[in-house]
Amino acid sequence: MESEASAGQAPNLAQAAASKLSHLGDRTKQLGSAMQDPARQNRIILVIVCVVLLLDNMLYMVIVPIIPDYLEGLQAAAAHAHLPPPPAHGNSSNATWPPRAVAAAAADNFDVQIGVLFASKAIVQLLVNPLSGTFIDRVGYDIPLVIGLSIMFLSTLMFAFADNYASLFVARGMQGIGSAFADTSGIALIADRYTEEAERSKSLGIALAFISFGSLVAPPFGGVLYEFAGKRVPFLILAAVCLADGVMCLAVLKPFSNRERANMPVGTPIYRLMLDPYIAVVAGALTICNIPLAFLEPTIAKWMEETMHATQWQMGMTWFPAFFPHVLGVFLTVKLAARYPHLQWFYGAIGMVFIGASSCTVPACKNFGELMVPLCGICFGIAFVDTALLPTLGFLVDVRHVSVYGSVYAIADISYCVAYAMGPVAAGKIVHDLGFVQLNLGMGLANVLYAPALLLLKNVAQMRPSYSERNMLLEDGATGLYDTIKMEQEEKKRKGLCATLDENGVETFVRRSFSEEESSGGEYA
């Protein structure tokens, strides 16, 4: 009887398993079809890029409370191992141990090591960005994004298990290489997927909010986990998130399957984009507006300790409240740009004035509460400048060049890197030679004086491309059958004539609006 019962249960179990597998297959098919919906796919891509930017900026700032203390311990252990033993008798009561000259040299060397380590990421990223921008224009946005995520994952693991300064330096440089590929391709991918100016401004604004959140939440995140769980835990958490984002990128973008690049336009070389006066004005504004943030981050903690005797938690939480005005600035700029898109240059100029005024008031603060106000003003102004000018770069490429965005957003990344590469190296020297007050006054004055230069962008909104992308590529005439047919079809479209495409019938070419005819998203996607 038992054997008959078990024999009867076996088919039931098999049927139940088959039913579950069938339901799972149906759900997988539904998920796959949902992923093919363009609008939904664009939202998923936006999430992927936002996580990339969040991870990069968290990894950039999470070492602020961790690495100085960790390196100090390594340096103290090394110095103790190499110093000769203290004198056992004689004038030992009047001697200082270790000798003052040795201690001073060790302190100076420690400061130099910290500055070089903090700046190395931006310096490497600055050097790699021209190459990564050109590479992105050649192969598309998906493969460089996967490459950047892979390098960032390896860099984060190296941070977790590094046990000396050399390995930390290599990990920091690898992060710069990964950021040059991941950040640039991610922002360019958003600009490519969202071709309408309002949607592009909104999407880039969301990405900028994640950049701000990553930069401001990373120091408390790293400090708390370092204190209670050790050095490795925060880096391992970031590595796990990076791995999950990479898997999602592979699943959604499928970068290595059925890629068609033959009909894609060739992007404008990066050196030609750098010579464009409008792009140069935008790049200069992005550099100057980020200088206060880049120069204050390595110097403000020491100034707070000397002038207002701030505690460690106050120095760690100084920048965190600035996240909220940054998000507010992004929100206001997106709303204003949707309503008055021709005033993007004005929003950037207002942001630079905010940054300049706030930077000049930082030295006047007497306590921790007062200091929060100008720091919030700086981040509010940076949100205005970035949210207004990053979409402007994409629009300038659309109307003056070819709508391929890798190189132009590599230029934007270079602008940021110039500020953050100079910050840890030059800020301390300026404070030592001139003083903290002069540093802030100079940064504020530079922002206020540069703001009128954005008047050169006043007429950008009225620009219109005179040729479609394919015609721009074929200025010297058609070189093949495909190009000849495309040029003939474009000519018939402009004249409102008909064109026979295949055996199914005749397609009547109707006049389209500017956004449909000149956009790069549909014809060459």
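Here are some notes:
- Applying the Karplus relation 6.51 cos²θ - 1.76 cosθ + 1.60 with θ = phi - 60° to segment 44-52 yields 3J(HN,Hα) values of 5, 4, 4, 4, 4, 5, 4, 5, 4 Hz, where x marks Gly and Pro.
- Dimensionless Rg over Rh [segment 132-260; C-alpha; Kirkwood]: 1.01
- Listed cross-link partners K121/K429; K231/K429; K121/K302; K121/K254; K302/K366 are compared with a 24 Å cut-off, the Cα-Cα value being larger for K231/K429; K121/K254.
- Note on segment 254-385: with neighbouring protein chains present and a 1.4 Å probe, carbon and sulfur make up 67 percent of its accessible heavy-atom surface.
- Per residue accessible area in Å² of segment 121-178, where ligands, DNA and RNA are left out and the probe is 1.4 Å: 36 Å²
- Applied to segment 435-443, the Karplus parametrisation 6.51 cos²θ - 1.76 cosθ + 1.60 on θ = phi - 60° returns per-residue 3J(HN,Hα) values of x, 5, 5, 5, 4, 5, 5, x, 5 Hz, with x for Gly and Pro.
- Shape call, segment 188-300: gyration tensor on alpha carbons, a/c limit 1.5: oblate
- Taking the inverse of the mean 1/r over every pair of distinct Cα atoms in segment 138-196 gives a Kirkwood hydrodynamic radius of 12.2 Å.
- Radius of gyration, Dmax [segment 318-477; alpha carbons; angstrom]: 18.7, 68
- Among the chymotrypsin sites (Phe, Trp or Tyr not before Pro) in segment 207-259, those placed in a DSSP loop whose Cβ has at most 13 other Cβ atoms within 10 Å are F256.
- The order of the peptides 176-183, 419-426 by mean Cβ neighbours within 10 Å, most packed first, is 176-183, 419-426.
- Full-stretch length increase - R400, E199 - with 0.36 nm per residue and alpha-carbon distance subtracted: 70.3 nm
- One equal scatterer on each Cα of segment 175-245, no solvent, Debye formula: the resulting log10 I(q)/I(0) at q = 0.19, 0.24 Å⁻¹ is -0.91, -1.14.
- Normalised by residue count, segment 288-381 yields a Cα convex hull volume of 79 Å³ per residue.
- Probe 1.4 Å, accessible area per residue of segment 393-458, Å²: 37 Å²
- Residues of segment 324-342 with amide N under 17 Å of the 7 Å Cα→Cβ point at N459: 342
- Highest to lowest packing among 38-51, 366-379, 136-149, 193-206, scored as the average C-beta count within 10 Å: 136-149, 193-206, 366-379, 38-51
The values are calculated or read from the model by the stated rules, or taken from the named source; none is laboratory data. Being a predicted model, the structure only gives us computed values, none of them experimental. Backbone-built Cβ (ideal geometry, glycine too); neighbour counts: all protein chains shown. To get the accessible areas, we keep the full protein, side chains included, count just its heavy atoms, and leave off ligands, DNA and RNA. Shrake-Rupley method; radii C 1.70, N 1.55, O 1.52, S 1.80 Å.
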